[in-house]
Structure formats: C-alpha cells, structure tokens
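Structure, as structure tokens:
The values are calculated or read from the model by the stated rules, or taken from the named source; none is laboratory data. As the structure is a computational prediction, the values presented were derived from the model and not from experiment. All Cβ positions, even for glycine, are placed from backbone atoms using ideal geometry, and neighbour counts span all protein chains on display.
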C-alpha cells in the first residue's frame, strides 16, 4: 500500500519514498521504523479493541493523534502517544509520567522507573513518579492503577501507595487533612453526600458550643467564681469553683456549665473519625465511581469521563470554609 504523503502518527513527518516503514498487523497504522521502535508498540490500542482499522478512522478523516513539537499546549505521552494538557503530570490514557522536555532528554528518561525507587516509604518519591511507585496496570478490584490515578488526579503520589496498601494489606493511614478540614475535605474530594452530613454535624456542634458558652456557661462560671471569692477564698482555682457549683447550682445549671466541654469532646471525636476513615472511604468511593462509569459507558470516552468525574472541587471546599467563618463571625456579634 502506498503511504507517500501520509503522516507518521508519532513524529507527524510525511513518509518519503526511501523511508523504512513498518505497519501494525492489527490496525494497519504505518510508522517510521525508528518511531515504532521508540514506542515499542502501536499507539492505537482503542482501534485494536474495537477491531477497526487505521484507514477507516484516521486515514480518511486525517485526524491523526500526532505530536506537534511547535504546539506547546499539549504534552504527548512517550508510552502510548496520547495528547495531554500541558499542565498534566500523568498521562490520562495510561497513567505514565509526563515530561515536558521529553524531546530534549529522550535518551535520559527511562521507559520504566528503576525498582529501587518503587514506593517503600520514600519521602521524595513524589518528585520522581506521580503514580507513587504503583504499577499502572495493578488491579484494584476491577480498576487499573492508571484509571485510579486518572480519577484521583490531584496528589496521586500520596493516595496511590495508600490505596495499594489498603488493597494488599487492608491497612490504612491517618489523613490529617480530613482531620482538620472534616466535611470540607470530603466535599473537596467530591464525596458530596458524606461531605454534607459531616459538615452539617461539624457546623451544628461548633455553633452549639459557641452559643452555649457565650449565652449560658460563661455567665454561670463567672457567677460561681464570684461566689467562691465572696465566701473568703482568694484566687479560687478550678476545683474550688466546681465544688461550689456542685453544692449550690441546680442540675440544669451544672449541665449548661459542662456542656461546652462535652460538645468539644464530640467535635474532636468527629475529627478523629474523619482522619481514620477518610482514605478508606475515598478508596471505595473511587472504585465505585470508576466501576459505574465503565459499566454505563462501555468503552466510549472512558478515559475522559473518568478524568472529568474525578479530581477535586476546590470552589465548593472554599465556599464551605467561608460560610463557616461567616457563621462564626455572625454569632460573635449577637
């Protein structure tokens, strides 16, 4: 077959008469032999799955997924040839590390990370591998590592090793971001139902503690302190005030005095629960969402859908934080 004036899918250069051309036996895509050897495989796996030929899809439409060195708005994955955003860290098709200077450092970039940097608690692994040392083909309950990384998108070097540990050993890791941000973290990670429930609980506890303290407990503690001082005890300590309150205050007044401490304890317990279950909850959320996408959409635009449905929702998380600060400020004015 004559491929003259056709473009090589890898380098975008048109084939010339004397070029050494190889053809994929599955889809018929032509390559310069050097370009094919560089990738090590055909860059059209989707055509192989759908049993279509390169001539039916790309030769006629001329929509070759080629790398244009002059176009800086894309990064082309050296492993699968897929185009990615210039801001991407990993390929949304195969999950491999992207290098913006790949064409300049082609001989220096290894095709596969050396085994000695696979994740074994290496704190600097995020500087080397966005997959966190996890194999992109590893199975996570029917989801590949690459698909999981595409869904997580933000901070994959942290989450991928944790997910691997959850899958292999059923042991997790405390999430300090979830501990401090509680429902805001869940909303940030698009776990909306859980995020709303936890946020409502946290807001209710925080506002209740503030109201009970400012409107009731503070005055009761102040009155008890004055009463102890009037009884002749100078500089009364906490135990003196508590003893007097137990002897003279009603049960309802005592309850109001200790209620802020009880609410604070419940708030801290809620934060601890969030920190301990966050990573496990997020893992199951990712697997469930990706599995639903694969079941409902088959093989059509799977990569794009996984990427779109995953990631984070920064505006919502910030909105919740601002609303919380506004509520606290409002109640402080009452």
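Here are the numbers for this structure:
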{"read-out": "Count of region 310-334 residues which are surrounded by 15 or more Cβ atoms within 10 Å (Cβ to Cβ) and modelled with pLDDT of 90 or more", "value": "5"}
{"read-out": "Filtered residue count, region 231-284, keeping only those that are over 30 Å from residue 153 (Cβ atoms) and in a helix (DSSP H, G or I)", "value": "30"}
{"read-out": "Count of region 3-40 residues which are without any contact (Cβ under 8 Å) to a residue 24 or more places away in the chain, farther than 21 Å from residue 52 by Cβ and out of contact with any strand residue (DSSP E or B) (no Cβ under 9 Å at 6 or more places or on another chain)", "value": "4"}
{"read-out": "Any helices (runs of 4 or more DSSP H) falling wholly within region 136-191 and containing at least 1 residues that are farther than 21 Å from residue 315 by Cβ", "value": "145-152, 156-169, 176-181"}
